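The values are calculated or read from the model by the stated rules, or taken from the named source; none is laboratory data. These numbers come from a predicted model, not from an experiment. Neighbour counts are summed over all protein chains in view; Cβ atoms, including those assigned to glycine, are modelled from backbone coordinates with ideal geometry.
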Amino acid sequence: MKKILLPILAIALIACKQEPKDYATLSGKITNKNSDSIVVRTQTFSKTIKVNEDGTFKDTLKVETGIHTLYDGVEATSVFLKNGFDLNISLNAKEFDESIIFEGFGAEHSKFLAENSLLQEELLDLDVLSNLDMTGLENELNSIDVKLTQFYNTNTQVDTSITNSLKNSIKPMLSAYKNYLAEGIILKTELPKGSISPIFDNYENFKGGTTSLSDLKGTYVYVDVWATWCGPCIAEIPSLKKLEKDFHGKNIQFVSLSVDDGRGYRAASKEEARVLAKEGWKKMITEEKLGGIQILAPDGWQSKFIRDYKINGIPRFILIDPNGNIVTPDAPRPSSTSIIELFEELDI
């Protein structure tokens, strides 16, 4: 009897063994949600998942193993997915990466990605790095290389495709940061604090007439060099509005200087493109209810003020003192806490 039962039990165990799932399950809850759906995507895959009124969501996805982007319509984060995973995500959309929690089968990989994002944000603080000289910058970037490498090497439970990819990306990433920051360091050497600022003269004002830097003498001037087609410029608008509100009535003027020159517009001539660019500039100011002093560079990137300040990329922020002298040719962005610290230091 025992000889008969053993094969039967063995067959039963095999039959009851759960087959690996050929899909991943993604569920969770979003507090302060930005939209009624989230999108999970890669370059070759995309799926939209409904988010309920209470912020909960759940769906299954057939995926290729790898890092996916989870986008809620405003911000995004990285999620590592593999068929068979059962992930539960909770986050506060107002804090996002700082609040995200991954739980469930396979969660350790996505949790690592979130920790890596916060670590990189902490180490690669542009406000800190931009205040170093070249020697200090090189030393700090070398230190960051060591810290990131150690972090990746110690997380042995994480899929090696993630850690190997991140390790290989360290040097190219830090090289890009060095090249970007070196420009600012050189700029501060060529346009030192206390030197006479380059000027803009009779630039068209959105409200009518023209504005010159000399018109603003006696106050600090914070210049935002931007364009309507510039994504990073647009991203700073809410912070710039808040900055203007917080320092309203103080000894400072906020000037937004657009370099819109017709690029991106289909037109029969450069002149027609410039006309369209000006219309687009005025439209965005109206629709976004932009404050401060809104002016337009007459020759776009070739305008004298732009060339004198050696502006090759935007947004660029410049701070000029009441006497028309440079405080910094590469001021902190409105979204940076450093700009508040600088204003307070100057007793604005």
* Odd one out for I234, checked against (1) part of a helix (DSSP H, G or I); (2) in contact (Cβ under 8 Å) with a residue 12 or more places away in the chain -> (2)
* To do: Confirm whether A227 is over 22 Å from V327 (Cα atoms) and crowded, with 18+ Cβ neighbours inside 10 Å.
  => yes
* To do: Run L113 past the list (1) part of a helix (DSSP H, G or I); (2) in contact with a Leu (Cβ under 8 Å, 6 or more places away or on another chain) and report the number of the one that doesn't hold.
  => (2)
* To do: Could you tell me whether any residue of the stretch 246-259 is over 28 Å from I339 (Cα atoms) and assigned to a helix (DSSP H, G or I)?
  => no
* To do: Can you work out which of the residues in the stretch 228-282 that are closer than 16 Å to L296 by Cβ and among the β-branched types (V, I, T) is farthest from the chain's Cα centre (by Cα)?
  => V275
* Structure fact -> Screening S239, S214 for residues that are more than 23 Å from I339 (Cβ to Cβ), out of contact with any strand residue (DSSP E or B) (no Cβ under 8 Å at 6 or more places or on another chain) and among the hydroxyl-bearing types (S, T, Y) leaves only S214
* Determine, yes or no, whether I293 is modelled with pLDDT under 95 and hydrophobic (A, V, I, L, M, F, W, C). => no
* Any chance S161 is farther than 17 Å from N131 by Cα, more than 23 Å from the chain's Cα centre (by Cα) and part of a helix (DSSP H, G or I) -> yes
* To do: Kindly indicate which of L91, L119, L87, L137 is part of a helix (DSSP H, G or I) and surrounded by 16 or more Cβ atoms within 10 Å (Cβ to Cβ).
  => L137
